[in-house]
């Protein structure tokens with residue numbers, strides 16, 4: 001039974017590029033290298049290994065093995081790499097002591113799709129308080145309307161560490177849902 005792999009006996013190593021031969025079968029002396037384009041480009045020499053009954057071509061590079069991948073822990077997971085395309089529109093809400101700011105951004109291009117803030121001139125003059133529950137409802141309704149005008153009907157919201165969706169944040173998100181925008 002023949003065996004292919006590192007335990008098999010190596011028969012020969014043959015270069016796929018033949019050496020230059022003269023008419024009599026003798027090797028020719030190569031001219032000195034010139035500064036042409038072909039001399040600058042590295043040549044790829046593939047070696048064919050012939051083992052008992054099987055042959056394969058050893059490439060100069062291969063796919064990373066699991067142990068090599070484990071040595072580089074900074075590589076992002078599949079979800080981290082594809083989440084930007086699966087849920088492209090991200091809702092960002094910020095509460096300051098004086099105002100409420102909300103915006104919808106496209107993750108891939110970082111373009112702002114819609115913005116609503118209680119610091120806007122029309123809301124600042126019409127609302128009695130710029131940070132209460134009524135202001136949260138107004139900001140949520142404006143974000144939903146402006147997102148739908150831009151043909152965005154699905155948003156994603158990623159809470160920060162130890163952030164609960166309750167209180168003012170919950171009111172803004174619930175108002176957006178009530179006005180026809182879904183969260184994925």
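The values are calculated or read from the model by the stated rules, or taken from the named source; none is laboratory data. In this text the structure is predicted, and so the values were computed from the model without any measurement. So basically every Cβ, Gly included, is an ideal-geometry build from the backbone, and we count neighbours across all protein chains shown.
Condition check: at pLDDT 80 or above and either assigned to a strand (DSSP E or B) or more than 19 Å from residue 145 (Cα to Cα) (or both). Does residue 57 satisfy that?
So residue 57 does not fit the description; no.
Given the structure, is residue 169 surrounded by 11 or more Cβ atoms within 10 Å (Cβ to Cβ), more than 28 Å from the chain's Cα centre (by Cα) and within 25 Å of residue 86 (Cβ to Cβ)?
Yes, satisfied.
Of the residues 130, 123, only one is over 22 Å from the mean Cα position of the chain (by Cα) and assigned to a loop (DSSP other than H, G, I, E, B); which?
So the residue among 130, 123 that is over 22 Å from the mean Cα position of the chain (by Cα) and assigned to a loop (DSSP other than H, G, I, E, B) is 130.
Loosely packed, with under 13 Cβ neighbours inside 10 Å, modelled with pLDDT of 60 or more and not assigned by TED's automatic domain parsing to the domain that holds residue 134: does that describe residue 67?
Criteria met by residue 67.
Looking at 140, 170, can you tell me which residue is outside any loop (DSSP other than H, G, I, E, B) and without any contact (Cβ under 8 Å) to a residue 24 or more places away in the chain? Write out each step before concluding.
Details: 140 fails: without any contact (Cβ under 8 Å) to a residue 24 or more places away in the chain.
Step by step, each of 140, 170 is checked, and only 170 is outside any loop (DSSP other than H, G, I, E, B) and without any contact (Cβ under 8 Å) to a residue 24 or more places away in the chain.
Just to be sure I understand, how many residues within the stretch 146-164 are surrounded by 12 or more Cβ atoms within 10 Å (Cβ to Cβ) and under 15 Å from residue 102 (Cβ atoms)?
8
Restricting attention to the stretch 88-115, and to residues there that are in contact with a helix residue (DSSP H, G or I) (Cβ under 7 Å, 6 or more places away or on another chain) and assigned to a strand (DSSP E or B), which single residue is surrounded by the fewest Cβ atoms within 10 Å (Cβ to Cβ)?
Filtering first and then ranking leaves 95.
Residues to consider are 163, 145; find the one that is in a loop (DSSP other than H, G, I, E, B) and either touching a strand residue (DSSP E or B) at 6+ places or on another chain (Cβ under 9 Å) or closer than 15 Å to residue 94 by Cβ (or both). Before the answer, list the steps.
Numbers: 145 fails: in a loop (DSSP other than H, G, I, E, B).
The match here is 163.
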